[in-house]
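The values are calculated or read from the model by the stated rules, or taken from the named source; none is laboratory data. None of the values given here were measured: they were computed from a predicted structure. No Cβ is skipped: glycine too gets one built from the backbone with ideal geometry, and neighbour counts run over all protein chains shown. For accessibility, only protein heavy atoms count, side chains too; no ligands or nucleic acids. Shrake-Rupley method; radii C 1.70, N 1.55, O 1.52, S 1.80 Å.
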Amino acid sequence: MIIGLVITGLCLMFVLIIYLLLGRPGPTILASILALPTGIAVVVLLLFLDRLEPEPPLRLLFAFLWGAGVSALFALIINSTGILFLSSRIGVQEGMVIGASVIGPIVEETLKGTVLLLLLWRRRDDIDGPTDGIIYAGMVGIGFAVVEDINYYSESLDSAATLIAVVIMRGVLSPLLHPLFTSMTGLGVAYAANHRGGRGALAVIAGWLVAICLHAMWNFSSEFGLIGLAVAYGICLLAIIGLIILLVRDRRRTVRLIQQYLPMYDNFGIVTPADVTMLSSLRGRAQARRWVRARLGRPAGKAMVDYQLAATELALLHSHAASRTVSQQRFAFRQHSLVQLMSWAHAAFAPALLPSPAPGFVPPPWHR
């Protein structure tokens, strides 16, 4: 992970150096300042959607830097080379159109999707469903979009009207498009991570093709003016609504898995029926964290966070076992690790569950 963060960070640095060499330091810095708020807002949104079973922060950072560094750098090189080649053969205008509508979507969605394949290869049993695929893909996509926005904004600084139009178009109306496109590949990868056989490979290919088609449709729609953009925007908006529905359904699926598999650990002394109820809602989880933190302090509150995440991971691990997408050895190792972590975490905040020597003891809200 450290090596990956260093490599992706260096690639991002090279992209910014290229922008500085092609333009001027002032416009590039100003364009970066304009692009950052949109990127931060989308990252916050993705983290908000990932609250039930949050992914490791370093892995999310790696995905973001892959989009902003590796994908952006190689896309810049390949796309520019392809457009120059086509322009010399069929004309500048035609070369730009084909480059933006055909070469760009294929190259960019392939580069962005590569990190998802890497996660599928190295962390298959950590991709638990559509939500994980969407979150990782969204991080890659917004990383790429931020760096691309820097380029577009810096090129528009000569005209205030043009700059305002570009910022509104990219930063206000369409900041979710790159995350949306790559989420199609992410859904294919999520399906492959939770299913055995050739259907998984077909799902990845299908998701990648849908990502390319959506991306190409959006880029090519500008050739038809405002009507074309409106139609493409409507289609993308419907796709975003579809992703929201998938996220809601996947959260309900996770809750069902918690209620199905965690009661069997009651004999271990680390999960009670009240705990299962608490773990089944975001509100109950937040209430439990606040209660423990107020009674025993921050370390115990952190232990509650660890307990909630480990319990959720344990339920999802059983789901992988049911679909036979995790080996028996890997299941036994992770099961033991998660149960041990839950036991340690439970011991850290368990004193908060004991009756107070003072009269009027009020039990934790999730144990009432």
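For the reader, a short list of remarks on this structure follows.
- Euclidean distance between Cα centres, region 291-351 to region 53-126, Å: 36 Å
- The loop-placed trypsin sites (Lys or Arg not before Pro) in region 1-97, going by DSSP, that have at most 12 neighbouring Cβ atoms within 10 Å of their Cβ come out as ARG51.
- Stretching the chain fully between ARG256 and LEU282 yields a gain of 8.0 nm (0.36 nm per residue, less the alpha carbon separation).
- Nitroxide proxy distance, nm - points 7 Å out along Cα→Cβ at ASN267 and VAL231: 6.3 nm
- Angle between the chain longest axis and helix 2-22 axis [Cα atoms, degrees, rounded to 10]: 30 degrees
- Binning the alpha carbon pair distances of region 231-367 at 10 angstrom intervals from zero yields the distribution 11, 36, 28, 16, 7, 2, 0, expressed in whole percent.
- Label of the coordinate-derived value, Cα extents along the principal axes in Å, listed as (i) 81, 46, 41; (ii) 62, 48, 36; (iii) 69, 66, 35: (i)
- Length-normalised contact order for region 4-161 - Cα pairs under 8 Å, 6+ apart - percent: 41 percent
- Additional length obtainable on full extension of the chain from PHE224 to VAL44, 0.36 nm per residue less Cα span: 61.4 nm
- Accessible area of region 1-222 belonging to carbon and sulfur atoms, whole % at 1.4 Å probe: 77 percent
- Normalised convex hull volume, region 103-218, alpha-carbon set, Å³ per residue: 88 Å³
- Placing R0 at 35 angstrom, the Cβ-Cβ distance between ILE17 and ALA206 gives a FRET efficiency of 0.40 after rounding to 0.05.
- Average Cα contact separation per residue, region 231-367, under 8 Å, 6 or more apart, as relative contact order %: 27 percent
- The residues of the chain expose, per residue, 50 Å² of accessible area to a 1.4 Å probe.
- Over the chain, Cα pairs under 8 Å with separation of 6+ residues give a relative contact order of 16 percent.
- Extension reserve of the ARG89-ILE245 stretch, reckoned as 0.36 nm per residue once the Cα distance is removed: 51.6 nm
- Calculated [222 nm] ellipticity per residue, helices only, for the chain: -26000 deg cm²/dmol; basis is -39500 (n - 2.57) per DSSP H run with n ≥ 4, divided by all residues, nearest 500.
- The chain: angle of helix 198-221 to the longest principal axis, Cα-based, in degrees nearest 10: 50 degrees
- 3J(HN,Hα) from dihedral phi, region 179-186, Karplus parametrisation 6.51/-1.76/1.60, rounded to Hz, x for glycine, proline: x, 5, 4, 5, 4, 4, 5, x
- Estimated distance in nm for a label pair at LEU117 and ARG51, the labels positioned 7 Å out from Cα along Cα-to-Cβ: 3.6 nm
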